Structure formats: C-alpha cells, structure tokens
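Novice: First the structure, then my questions, so here it is.
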Amino acid sequence: MPRIVRIVFKFTSISERSITPTDPVCLPELTLVTEPSTSSSLRWISLNIMASFGRSVLVTGSSRGIGLQLVKELAKSSSRPEKIIATACNPSGSTDLQELAKAYPGVHIVRLGESACTYCNNNNNYAFLPLLQTAAAQSTGMGLHRAAIINISSILGSITHNWGEGANFKSYSYRTSKAALNMVTRCLAADLGSDGILCVSLHPGWVKTDMGGPLAPLTVEESVSGLLAVLSSLTDKDHGGFKDYCGENLPW
C-alpha cells in the first residue's frame, strides 16, 4: 500500500539485510516512498522539503530510475533524514545504490524478500498499516510530518484523459494497472482519512528511465525535484487527490 510515514528500522551493523513486510525489524517512525516498477504498477514512495520527511524515510524500488534518484536527493541534502532505508528486490545489481550507501552512513540498503515484492506489486501492503497508524497518532494535521500513502501513478491511468490525442498510447495493461492504482488511492483515502493518514496519487511525468525511454522530455533529476516539492506541500486538502510533479490536479 502506498504511503509516506515516519518509521524507525532497528538495524544491526550489517549494511544490507533481507526483510519481509512483517519483519519485527520495522518499528514506527518511517517515511515510505513509492515508485512505478517495470513489472508492476507501483513502488513505494517521501531546505524545508527534506525536513518534511521526518526522521526516517523508506524508499522502495530504489535500485534505479525515480526511486534511486529519490534516495540520492535525500542523501545529499544538508537536512536529510537520519535514516534512509533504500529497498529493492535486487539491490546487489545496482552499483549506484551500493555506492550511495558507502558514501552516506545514513543510507541503509534492505533487500525485500520475495513475499515483500509480491505485496508491493499487488498493492497489498496493509502489513505496513499499524506502522502508519502509530506514526499518525504522534501528531496532528495531514502531511509527511505525520503519515501518508503516496502512490506513484501516471496520467496514462486517467480514464478522462484517455480520449482523442490522449489515447495515442496503446498499452492496455499499463493504463489499466495505473487506473486500478488510482482506485486504490481513493479507497485508502476513504478508509484511512479518519486516522490522519494522507493518501495521494502522483504522476512523475514522462521520464528518461529504462521504462520511459530516451524520447521522454524529463530527466530523472527534473522529475524528482518536482515530486519532492509537491510532497513537501501536501495537506489535508490534497487527501484522495491525483496530482502531477508540478502540483497540478489531474482528472481521474
């Protein structure tokens, strides 16, 4: 389930370990950040921008693309969170991620077990709900300072936009997965609003990644810079909404 929270991971001296969503190593005090994967519709995604993330941040899908850039931006910030938990199904395959962990002591690489990757890919992440509820109970209002679920979606998941020129991209499976993800966001927003857990879908733009390809107009740096600015400004007014990396509201 997509969302951003504060949560604390109890780490040993080992810099890389494997966990599943129910691993007792996960304690309340974290920020979850999600990003789209090549094999699924989502990955978990969270100056004053950095201060908004709280003490700890967890980024899923951090071995490349948008997820990796999120880890880079957070790690290099002078006001970075105390702990940045960078998760991936195969972190050993990412040299860039390994180098980041060596350069910045606050970056911890966590390899998600097979079941954890399945949870993320199926948007079935209620295993994290108690952690978000615990974080939300420690503060008031809505935003990254408290607890949130941020789904990295796409304008291609917009049913309204899928008409005329907007329908030129012909991937039924990708469009359908993103439309479903947007429904998950609205369902979570309806269910978790009373807990003070912010739920939002974000479109990162068409980005030059392995998935987006070389013709995409945005660099990863431009997309992530915009996403971080939008994330830092989210409030209760954005709960259950669908926005792009510029902060513009998008049609469902």
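Novice: Output the number of the condition that TYR174 fails; it satisfies all remaining conditions of (1) in a helix (DSSP H, G or I); (2) in contact with a strand residue (DSSP E or B) (Cβ under 9 Å, 6 or more places away or on another chain); (3) surrounded by 13 or more Cβ atoms within 10 Å (Cβ to Cβ).
Specialist: Every listed condition holds for TYR174 apart from (2).
Novice: Say we look at segment 136-171 and pick out the residues that are small (Gly, Ala, Ser) and assigned to a helix (DSSP H, G or I); which of these is farthest from GLY212 (Cα to Cα)?
Specialist: ALA136
Novice: Please determine, by comparing only the residues of segment 145-160 that are among the β-branched types (Val, Ile, Thr) and at pLDDT 95 or above, which one is surrounded by the most Cβ atoms within 10 Å (Cβ to Cβ).
Specialist: So the residue we want is ILE155.
Novice: Just one of (1) surrounded by 15 or more Cβ atoms within 10 Å (Cβ to Cβ); (2) modelled with pLDDT under 95; (3) closer than 29 Å to GLU221 by Cβ trips up ALA179, so point out which.
Specialist: Unmet for ALA179, out of (1) surrounded by 15 or more Cβ atoms within 10 Å (Cβ to Cβ); (2) modelled with pLDDT under 95; (3) closer than 29 Å to GLU221 by Cβ: (2).
Novice: With the requirement that a residue be closer than 10 Å to ILE109 by Cβ and surrounded by fewer than 19 Cβ atoms within 10 Å (Cβ to Cβ), what does segment 79-93 give you?
Specialist: Result: SER92, single match.
Novice: Every residue in segment 218-251 that is part of a loop (DSSP other than H, G, I, E, B) and either small (Gly, Ala, Ser) or in contact with a Phe, Trp or Tyr (Cβ under 6 Å, 6 or more places away or on another chain) (or both), please.
Specialist: Correct list: GLY240, GLY247, LEU250.
Novice: Just a yes or no: is a residue in segment 52-68 outside any helix (DSSP H, G or I), of a type outside the set (S, T, N, Q) and modelled with pLDDT under 65?
Specialist: Within segment 52-68, one or more residues are outside any helix (DSSP H, G or I), of a type outside the set (S, T, N, Q) and modelled with pLDDT under 65.
Novice: Give just the number: which of (1) of a type outside the set (Val, Ile, Thr); (2) closer than 21 Å to SER223 by Cβ; (3) in contact with a Ser or Thr (Cβ under 9 Å, 6 or more places away or on another chain); (4) modelled with pLDDT of 90 or more does ALA75 not satisfy?
Specialist: (3)
Novice: Out of curiosity, is LEU129 buried (at least 21 other Cβ atoms within 10 Å of the Cβ) and at pLDDT below 90?
Specialist: So LEU129 fails the test.
Novice: Read through the list (1) small (Gly, Ala, Ser); (2) touching a strand residue (DSSP E or B) at 6+ places or on another chain (Cβ under 6 Å); (3) under 24 Å from GLY65 (Cα atoms), then give the number of the only condition that ALA189 fails.
Specialist: The single condition ALA189 does not satisfy is (3).
Novice: Moving on. I'd like to know if segment 200-208 contains one or more residues that are under 24 Å from ARG80 (Cα atoms), assigned to a loop (DSSP other than H, G, I, E, B) and of a type in the set (Lys, Arg).
Specialist: The answer is no, given that none of the residues of segment 200-208 is under 24 Å from ARG80 (Cα atoms), assigned to a loop (DSSP other than H, G, I, E, B) and of a type in the set (Lys, Arg).
The values are calculated or read from the model by the stated rules, or taken from the named source; none is laboratory data. This one's a predicted model, so the numbers in the text were calculated from it and none came from an experiment. All Cβ positions, even for glycine, are placed from backbone atoms using ideal geometry, and neighbour counts span all protein chains on display.
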